[in-house]
1. Take Ala338 and decide whether it is within 13 Å of Phe283 (Cα to Cα) and surrounded by 21 or more Cβ atoms within 10 Å (Cβ to Cβ).
2. May I ask you to list pairs of residues, at least six apart or on different chains, whose Cβ atoms are under 8 Å apart, with the first in segment 215-233 being surrounded by 11 or more Cβ atoms within 10 Å (Cβ to Cβ) and the second being part of a helix (DSSP H, G or I) and polar (S, T, N, Q)?
3. What number of residues in segment 436-458 are out of contact with any Ser or Thr (no Cβ under 9 Å at 6 or more places or on another chain), over 12 Å from Gln643 (Cα atoms) and surrounded by 12 or more Cβ atoms within 10 Å (Cβ to Cβ)?
4. Which members of segment 627-683 meet the condition of being in a loop (DSSP other than H, G, I, E, B) and under 18 Å from Lys483 (Cβ atoms)?
5. Of the residues in segment 386-422, how many are over 23 Å from Ala288 (Cα atoms) and free of Cβ contacts under 8 Å to residues at least 40 places away in the same chain?
6. Mind telling me which of the residues Ser476, Ser431, Ser427 ends up being within 25 Å of Gln643 (Cβ to Cβ), modelled with pLDDT under 95, small (Gly, Ala, Ser) and within 32 Å of the chain's Cα centre (by Cα)?
7. Looking only at segment 20-68, which residues are in contact (Cβ under 8 Å) with a residue 40 or more places away in the chain, of a type in the set (A, V, I, L, M) and either surrounded by fewer than 24 Cβ atoms within 10 Å (Cβ to Cβ) or out of contact with any helix residue (DSSP H, G or I) (no Cβ under 9 Å at 6 or more places or on another chain) (or both)?
Amino acid sequence: MSTMEQDLKVGQPYNQIVSFETGNEMAARAAAQINYHIMGYFPITPSTEIAQILDTMKAKGLHDIQMVPADGEHGSAGICYGAATAGARVFNATSSNGFLYMLEQLPVQSGTRFPMVLNLVTRAVSGPLDIRGDHSDLYYALNTGWIILTASTPQAVYDMNIIALKLAEHEDVRLPVIVAFDGFFTSHQKRKVQYFEDKQVVSNFVGERPAGYAEISDPRNPVSIGAHMNGDDLLNNHYQLSEALNRAGEIYQEMAKEYALVSTREYPILDLYQMEDAEVALFLLNSAAESAKDAVDRLRERGIKAGIIKPNIIRPFPAEAIRQALKGVKALVVGERADSYGAHGANLAHEVKSALQENASSHTIVLNRIFGLGGKDFYQDDADAFFELAIQAVAAGKAEKPFDYYGHNPGLTENKMTTGIEPMYGSIFQSGLIQVAPEEATGKLKVKIPPIRSLTVKPRRIAPGHGACPGCGSISALELFYKGIEGDIVTLFQTGCAYVVTASYPYTSHKQSFVHNLFQNGAATLSGMVEAFLEKKRRGEIEISDDITFIMVTGDGGMDIGMGPAIGAALRNHKMIILEYDNEGYMNTGSQLSYSTPFGHMTSTSSVGKTQKGKSFHHKDTAQIMASTNIPYVFTGVESHPQDLIMKAAKAQWYAQHEGFAYGKLLTACPLNWKSEDDQGTDIVKAAVDSCFFPLYEIERGVTNITYNPDDKQKRIPVSDWLKLMGKTKHMLKDEEMLDQFSAEVEQRWLRLKAKHEHPLL
C-alpha cells in the first residue's frame with residue numbers, strides 16, 4: 001500500500017472546488033499548485049494563455065515559479081533542459097511550429113533522462129499557416145522518446161498534469177512527459193471542473209523530487225552530461241530509454257489508480273465507451289472522442305453495438321490494451337487529425353494494425369480516415385459517417401477503401417478564383433519625383449523628395465480592406481515608408497499582425513508579390529529569393545529592365561525569434577531591406593512581453609501586481625545590433641515625421657540595389673495593447689521621439705547622423721510625458737524609483753547616440 005493510500009480514508013477524497021475553467025486555465029492551475037522551479041517559455045497561439053495566466057498568478061503571489069521569457073521556442077527548450085540538469089522541476093507549454101522549432105532539443109532531454117512536463121496545445125503545422133487545432137504537431141513527438149499523455153477535457157488537463165510530473169520523476173522512468181490537448185477545442189472551451197482546494201494535496205501526491213539524479217548543482221559531485229557516444233554505447237542508451245518508456249505504461253496505470261483515490265477520477269490506459277460488446281468502433285484522440293459519444297448512444301438505440309476507444313497515453317503505445325479492447329470488434333475506424341504523407345495511412349492507424357498483427361485470431365477490419373485538419377470541427381454527424389463506414393465494411397467483409405481523407409472537397413472549374421485587383425507594376429509605382437545620388441565629396445547619399453502631397457499620386461501598396469485594429473500604426477507606417485520606394489517590390493512578411501490582417505486565403509491586400517514565412521527563418525528565406533533573382537537575371541533568364549527591391553517586413557517581436565537569421569543575412573550583405581515595425585510586444589498573440597518591450601511596461605506576461613511591476617529588464621536596441629554587423633545603412637523612423645521617413649526609405653532602396661543590406665526600425669502604435677485612444681497613435685510616437693526614448697537617426701556606412709534632435713529644437717519632453725499617454729505605463733508614474741531607472745536608461749542611450757553623432761569613428 002502506498003503512502004498516499006495510507007493517508008486516505010477510502011471513499012473520502014480531499015476537498016475540491018467546483019468551477020468552470022478552460023484547458024489552459026487548468027494547466028496553469030496545476031503548474032501553480034505544483035509550484036515548479038522554472039518555466040522557460042515563448043508565446044504561440046493557442047498555448048500562450050498558460051504563461052499569461054501563470055504570470056498573472058505570480059503577480060498576485062500565488063506561486064513562486066521563475067518564469068524566463070525566451071527569444072524563441074528553441075531557446076525556451078534550452079532553458080528548460082538547462083534547468084532540469086540543475087535539479088529543477090521544469091514546466092513549459094507550446095504549440096504547432098513552436099513545438100517543431102524546439103524539436104531538436106527534445107531527444108536530448110529524453111536521451112539524457114531528465115524529467116520535465118511540457119503541455120502541447122495541439123495546432124496545425126504550417127504551411128500554409130493555420131492557428132487552429134489538429135494533431136500534426138503532436139505526431140512529430142512520437143519518436144522523441146517522451147512519454148505522451150492525452151487529455152480530452154479541461155478536467156483531464158489538470159489531472160494529467162499532476163500525474164505527469166510524478167510519472168516523469170519515478171525512479172524506473174526518469175523521462176520527460178508531454179500532456180497533449182486540443183487547441184481551441186479543449187484549451188479555450190470552458191467546462192465544469194474540480195480542483196483541489198489545498199495545493200498541499202497536490203504536493204503530497206507528487207512528492208519530493210527524488211534524489212539520485214545526475215545534476216550540475218553540486219560541485220562536490222561533478223558530472224558530465226551529454227558526452228558523445230560510440231555506436232555500441234548509443235545503442236545501449238536507446239535500449240535503456242525504450243525499456244524505461246515501456247515501464248512507464250505500467251507505472252502510469254498504478255499512478256492513475258492512486259490518483260483516483262485522491263480525486264475520484266479515473267484515467268485508465270484506454271477510455272472505453274460502450275466497448276463491452278461493441279462490434280463496430282471508432283478510435284479517436286482527445287476532444288473528438290467526446291463528440292462521438294452521442295453517436296454511439298443513437299446507434300445503440302437502433303440495436304447496433306457501437307463503441308469508442310480513446311487512449312489516455314500514446315507513448316508508450318498501449319498495444320496490449322488495444323488488442324483486448326478489439327477482441328469482439330468486427331470493424332474499426334481510426335480517425336486522425338494528422339497526415340503521414342505517402343504512407344497510405346496515418347501513424348496511429350498503422351500502430352493499431354501492427355498491434356492486431358500480434359493476435360493471430362484477430363479479424364478486425366481497420367479503416368483509417370484523416371479528418372479535422374486545421375481545426376475543422378468534428379460533429380456527431382461526422383461520427384455517424386465514420387460508424388457507417390465500419391458498418392459497410394462489416395457487411396462487405398472488407399474495407400473498400402482502407403485509407404482516405406474525410407471532408408475534403410474537390411475544386412470546381414466554375415469556382416476558379418478571379419483576380420480582384422489588376423496587376424500593378426513598373427511605372428505605376430515609379431513617380432520620378434524622388435532623386436537619390438551619392439555626393440562626390442563624401443560619398444554619402446543626397447536625397448531630394450518633393451512635397452509629400454505630390455507623392456499621393458503613387459498608389460497604395462496595400463489595398464483597402466485589411467483587418468487591422470482601429471488605430472493600428474503598422475499599416476499606415478508601412479504605406480508611408482513605401483512612398484519612398486520607387487518601382488517594383490517583393491515583400492516577405494514574417495508572422496505577425498501586419499501579415500495576418502492583409503493575407504487570409506483566398507484573399508490578399510497585397511498588390512505585388514508577397515511571401516509569408518515564420519519568424520525564425522524570414523531573413524534567410526528572403527536571402528535565397530534575392531540571390532536566386534540576381535543569378536537568374538545574370539544568366540539572362542529574367543527579362544525585366546528595372547530591378548526589384550526585396551523587402552522583409554517584421555514586427556510583433558519578430559526580431560527576437562528571427563534575430564539569428566537576420567544577423568546572418570546582414571553579415572552576408574544581401575541586397576535587401578529588413579523593415580521592423582516595433583509595437584513593443586508580441587501583439588499578434590495577445591500582447592506578451594518581447595525583448596523590444598521597454599522596462600516596466602505592462603504586458604500579458606509582465607503583469608503588474610504586489611510582487612512584480614511590469615517588465616523587469618530594458619528593451620533591445622535592434623538598430624544598434626544590426627549596425628554592429630557593418631551593413632551599409634541603418635535607420636529609425638516614425639510616421640509623425642513623414643519627410644524624414646520617406647527620405648530614409650529612398651536611401652534604403654538605393655543601398656539595397658547598389659551596395660547591400662539596409663535595416664529600418666519603425667515605432668508603431670498599438671492602441672489595443674498600449675491601452676491608448678485609437679486616434680492618438682501619431683501623437684504617442686511623436687512623444688516617444690521628443691522624449692528621446694525613440695531617437696530618429698541613421699547610420700550610413702558606419703557613420704551616425706541624428707536626423708531630428710529635440711534638444712536643439714527645444715522640444716525635449718520628460719519621459720513621463722510620453723508614459724502618461726498610455727494605460728500600460730500608468731503604474732510607472734506612481735513609482736519614483738522605477739521612473740528614475742527608466743529615465744536614466746533613456747538618457748544614457750541618448751547621450752551615447754549623441755557621442756556617436758559627434759564623433760564619426762564611434
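The values are calculated or read from the model by the stated rules, or taken from the named source; none is laboratory data. This one's a predicted model, so the numbers in the text were calculated from it and none came from an experiment. All Cβ positions, glycine included, derive from the backbone under ideal geometry; neighbour counts span all protein chains shown.
1. no
2. Glu215/Thr85; Ile216/Thr85; Ile225/Thr85; Met229/Asn237
3. Looking only at that region, the number is 5.
4. Result: Val638, Glu639, Ser640, His641, Thr668.
5. 15
6. Sole residue among the options that is within 25 Å of Gln643 (Cβ to Cβ), modelled with pLDDT under 95, small (Gly, Ala, Ser) and within 32 Å of the chain's Cα centre (by Cα): Ser476.
7. Ala32, Ile34, Ile38, Ala59, Met67
To keep it simple, each residue is scored yes or no on (1) acidic (Asp, Glu); (2) under 30 Å from Ile131 (Cβ atoms); (3) buried (at least 17 other Cβ atoms within 10 Å of the Cβ); (4) modelled with pLDDT of 95 or more.
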{"residue": "Val334", "(1), (2), (3), (4)": "no, yes, yes, yes"}
{"residue": "Ala346", "(1), (2), (3), (4)": "no, yes, yes, yes"}
{"residue": "Ala355", "(1), (2), (3), (4)": "no, no, yes, yes"}
{"residue": "Asn359", "(1), (2), (3), (4)": "no, no, no, no"}
{"residue": "Thr364", "(1), (2), (3), (4)": "no, no, yes, yes"}
{"residue": "Phe371", "(1), (2), (3), (4)": "no, yes, yes, yes"}
{"residue": "Phe387", "(1), (2), (3), (4)": "no, no, yes, yes"}
{"residue": "Ala393", "(1), (2), (3), (4)": "no, no, yes, yes"}
{"residue": "Ala396", "(1), (2), (3), (4)": "no, no, no, yes"}
